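Each value in this text was obtained by applying a stated rule to the coordinates, not by laboratory testing. If you're wondering where the values come from, they're calculated on a predicted model, not measured in any experiment. Because the Cβ atoms are built from the backbone with ideal geometry, glycine has one as well, and the counts that use them run over all protein chains shown.
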């Protein structure tokens, strides 16, 4: 019985040894189907660099988008002021308030004298203004009206279509610049991209 048990043990050991050695043998001599660690590290490094570049490009693109959008809003407000000044026969005033970081659009209020009241805006000498538009200037942008030094910079639009004229400069922190030019004679608004 001992001999038979020993034969069975040897047979099982040989069988186990062949299986293990055949697995190792097949692994070392067969073609590898996969990637080495160094290949994976190189690919991950390249993906990381590409993602970093995309992030930088998206950051620049969002700033460019912000200044373009804001410039369009300003030019639309100026065009609105001109067209409504002509159609309503009122003076509209576009004001840049540097202290509050806002731009506003005002018009004068027409006081209608009713039958019981004899007072009107002309009679009292007081001008009352209506706030038509009040919008914040984004913190990343600077807005100035050239050739004006006050804290409240303005451009007026008159009922005949003309204006006080001026050039509004909108600049981002990265140096992107747009100019919104208001013609003094015609009151027309034009947007020009600055260099830089």
Exercise. How high is the FRET efficiency between residue 57 and residue 132 when r is their beta carbon distance and R₀ equals 41 Å, given to the nearest 0.05?
Worked result: 0.60
For this session: Quote to one decimal, in nm, the extra length available between residue 7 and residue 37 on full extension: 0.36 nm per residue of separation minus the C-alpha distance between them.
Result: 6.3 nm
Problem set entry | Nearest-0.05 FRET efficiency for residue 88 and residue 147, computed from C-beta distance (R0 41 Å) | 0.90
